[in-house]
Amino acid sequence: MEIQILENEQWFGPEARFGLDYPMDAQSEKTVDLEKTDCINQVAPLLLSTEGRYVYAHRGFCAVFAHGKLTVTSAHDEIDFSEGFGSLRGAFLAAAGKHFPANGVLPPEEFFVSPQFNTWIELYFNQNQKDILAYAHRVVAEGFKPGILMIDDLWSNYYGKWDFDRAKFPDPKVMMDELHALGFKVILWLCPFISLDSAEYRELSGKGGLVRNESGDPCHIFWWNGISAELDMTNPIDVQWLTDQTERLIKDYGVDGFKFDAGDATFYSEDQKTARPVLPYEQTELWAQFALNFPYNELRACYACAGLPLVQRLRDKCHRWERGGLAEIIPNSIMQGLLGYQYGCPDMVGGGFAHEFVPGAPFDSELFLRYTAASALLPMIQFSAAPWRVLHAEELACVKALMAQREEYLPEIMDLVRQSAVTGESAVRHMEYVFPHEGLSDVKDQFMLGDTILVAPCIQKGKTEREVRLPAGVWKAEDGTVYEGGKTVTVPAPFDRVPVLRKG
C-alpha cells in the first residue's frame with residue numbers, strides 16, 4: 001500500500017521508545033519493520049497522522065517513509081488504512097474504537113496515588129528480607145506515601161524456581177505481613193526464563209514444554225543474565241506451570257502481583273518450534289496477556305495490547321541528560337499514550353541501571369531532581385535509588401516538595417486515568433493531540449494533562465527557567481501570571497516545582 005504524504009502531514013508510531021525521532025513527514029527517510037523489532041518496550045502496529053489518517057495491521061507491518069510517500073506492507077495481515085478523521089486525536093479515536101477499545105478496567109489505584117518504590121538499585125542482586133524491610137520502613141519514615149513496593153531480581157534461588165531463597169528470606173510470610181501492615185502492596189519480579197540443569201527445566205522439558213530448536217531440544221537462550229531455556233506462552237503446559245507458581249506465591253505468602261520482565265521478541269525467532277506457530281512478537285503479546293490475570297502487574301515489553309489494564313514502564317534509562325536518559329522520558333511517555341498504552345510509567349527516577357548508583361560512580365544530583373520533576377505530574381512515578389541516600393538534605397526537600405505538588409494535582413490526574421479506562425485516551429497528551437494544526441507537532445519536552453493543564457518540566461542542566469510554547473488562548477501560571485497564547489514564553493523552573501499553566 002502506497003500512501004502519499006500530504007502537505008504539512010506528520011506521522012507518529014509505532015514504538016514508544018523512539019518518541020524523540022517522531023513525527024515523520026514528507027522529508028523523512030525511515031524504515032520501521034515490526035517483523036524485525038525486538039519489542040524491548042511498548043509497540044503497537046499503528047501509525048497515526050496529524051491529518052486524521054491511520055494505518056493498522058494487528059500482525060505487524062513494514063513501513064517505509066521515503067520520497068514523500070509512506071509505503072506499508074504486511075506479510076501476515078490485512079492493512080487497515082483509514083482517513084477522514086480530521087486530526088491526530090480523530091485518527092487515534094477512530095483506530096482505538098475499531099481495533100483496541102478500552103475495556104473499562106483501571107489498574108489498581110495504588111499505582112497512581114502513591115510513588116512506586118523498587119528495591120533494584122538499592123539492593124541490586126542482593127535482594128533480602130532484612131534490607132527490604134529496612135527500605136520500606138525508611139520510605140514511610142521519610143514521609144513518602146506507601147503504595148506499590150516491587151521486590152526485584154534474585155529474590156529466588158534461580159530462574160524458574162519461583163520461591164523465596166530461604167538463606168536471604170528466612171520467613172517471607174512474616175515479611176509480607178509487615179510490608180502490608182506498613183501500607184504496601186508487594187509485587188515480585190518474574191521472567192519467562194528457566195535456569196538450565198534445574199528440576200524445573202527437567203520437569204518442563206519432560207512434559208513437552210519450553211521453546212524448542214529444530215532438533216526438538218529446548219532452546220538455550222542468551223539473555224542479559226546468562227543462558228536459560230524459555231517458556232513457550234503458546235503451550236498450555238508452560239502456561240499452566242507458570243499459573244501454578246504464581247498462584248502458590250499469592251496463596252502461601254500473600255504476594256499481590258508481579259513485575260513481568262523480559263518477554264522481548266528478540267529472545268524468540270521464527271525458526272523455533274512452539275506448540276502453536278506464532279511470530280516472535282506474538283510471544284511478547286502472550287506474555288502481556290498472561291499478566292492480565294493479575295491486577296497488580298507491570299510490563300516493560302509489550303506488543304498490540306493497547307486499551308488493556310496493564311501498567312507499562314518505559315525501558316531502562318541511563319543516568320544522563322541526553323538521549324537514552326532524561327531527554328526520553330517526556331516524548332516516550334507521550335508516545336505510549338498515542339499508541340493506546342494509557343497506563344504508562346516512566347523509568348525509575350534518576351535511571352534504572354544499578355551500576356550507575358554504586359559508590360564511586362559519577363552521580364549528578366541536579367539530574368536526579370530533574371528526573372523527579374519530569375515524572376512528578378505523570379500518572380505514575382517510580383523510585384528505586386533512595387532519595388535520602390543519594391541527595392543532600394536541601395535536595396531531598398526539593399523531591400518532597402515535588403511530591404507535594406503531585407498531591408495537589410492528584411485529584412485531576414485520577415479523574416483523567418479513570419476516564420482512560422472508558423475512552424482509551426491517555427491522561428498524558430501530545431500538544432498536537434489537544435491543539436491540532438497549531439504548529440505544535442514537534443514539541444517534545446512539554447505535555448498536556450487532559451485538555452487544560454500544560455506541564456513543562458525543565459530537562460536542561462544548569463537552567464532555572466525554560467521556554468514554553470503556548471497554544472492559542474489565555475494561559476494562567478500557578479503564580480497568577482497570565483499569558484496570551486500562540487507564542488513562546490519564558491517561565492521560572494525551580495528545582496522544587498514543575499512549571500504548570502492552565503488554559504483559560
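Grab the Cα-Cα distance for CYS62 and PHE125, subtract it from 0.36 nm times how many residues apart they are, and report the gain in nm with one decimal.
18.8 nm
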- prompt: Measuring from label point to label point, each 7 Å out along Cα→Cβ, what is the GLU78 to ASP171 span in nm?
  reply: 6.2 nm
message: Checking the cross-link filter: which lysines have an alpha carbon closer than 16 Å to that of LYS207, excluding same-chain neighbours under 8 positions apart?
response: LYS273
task: Output the pairs from LYS145/LYS503; LYS161/LYS251; LYS317/LYS444 with a Cα-Cα distance over 19 Å in this structure; if there are none, say none.
output: LYS145/LYS503
- line: Per the Kirkwood formula over distinct C-alpha pairs, the hydrodynamic radius of region 46-162 in angstrom is 18.7 Å
statement: Two pseudo-spin positions, 7 Å from Cα along C-beta at GLN460 and at SER215, lie apart in nanometres by 5.9 nm
statement: With +1 at each Lys and Arg Cβ and -1 at each Asp and Glu Cβ, the charge dipole magnitude of region 1-104 around its Cα centre, to the nearest 20 debye, comes out at 260 debye
Rg followed by Dmax, in Å, when the chain is reduced to its Cα trace: 22.7, 71
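Just rank MET175, MET380, fewest to most, by other beta-carbon atoms within 10 angstrom.
Values: MET175 22, MET380 25.
Listing MET175, MET380 from fewest to most nearby Cβ atoms yields MET175, MET380.
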- request: Work out, step by step, the length gained on full extension between PHE363 and LEU182: first 0.36 nm times the residue separation, then minus their alpha carbon distance; give nm to one decimal.
  value: 62.1 nm
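Based on the mean of other Cβ atoms within 10 Å per residue, sort peptides 131-141, 93-103 so the most packed one is first.
Numbers: 131-141: 16.5, 93-103: 18.1.
Going by the mean number of other Cβ atoms within 10 Å, highest first, we get 93-103, 131-141.
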task: Identify, among ASN225, ALA167, TYR22, the residue whose Cα sits farthest towards the positive end of the charge dipole of the chain, taking +1 on the Cβ of Lys and Arg and -1 on the Cβ of Asp and Glu, with the dipole about the Cα centre.
output: ALA167
statement: A correct Karplus calculation of ³J(HN,Hα) over region 136-147, with 6.51 cos²θ - 1.76 cosθ + 1.60, θ = phi - 60°, whole Hz and x for Gly and Pro, returns 5, 5, 5, 3, 5, 4, 7, x, 7, 6, x, x
message: Test of understanding: ordering LEU308, LEU378 by Cβ neighbours within 10 Å, fewest first, what list do you get?
response: LEU308, LEU378
message: Spelling out what I want: for every residue of region 53-61, take phi, set θ = phi - 60°, compute 6.51 cos²θ - 1.76 cosθ + 1.60 (Karplus), and round to whole Hz; glycine and proline get x.
response: 10, 8, 10, 9, 8, 4, 8, x, 7
- request: Give the order of VAL255, VAL443, VAL358 when sorted by the count of other beta carbons within 10 angstrom, beginning with the fewest.
  value: VAL358, VAL443, VAL255
field: Separation of alpha-carbon centers, region 333-395 and region 244-258, rounded to whole Å
entry: 29 Å
field: Rh by Kirkwood over Cα pairs, then Stokes-Einstein D for region 137-286 at 1.002 mPa s and 20 °C, µm²/s
entry: 129 µm²/s
query: With charges only on Cβ, +1 for K and R and -1 for D and E, what is the dipole size of the chain about its Cα centre, in debye, rounded to 20?
result: 720 debye
task: Report the full-extension gain for the segment THR234 to THR31: residue separation times 0.36 nm, less the Cα-Cα distance, to one decimal in nm.
output: 70.1 nm
message: For a quick size check, give me the Cα extents of region 350-504 along its three principal axes, largest first, whole Å.
response: 49, 36, 27
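Computed from the coordinates by the stated procedures, all read-outs in this text should not be read as laboratory data. What you see is a predicted model, and the numbers here were worked out from it, not measured in a lab. Glycine also receives a Cβ, built like all others from the backbone with ideal geometry; neighbour counts cover every protein chain displayed.
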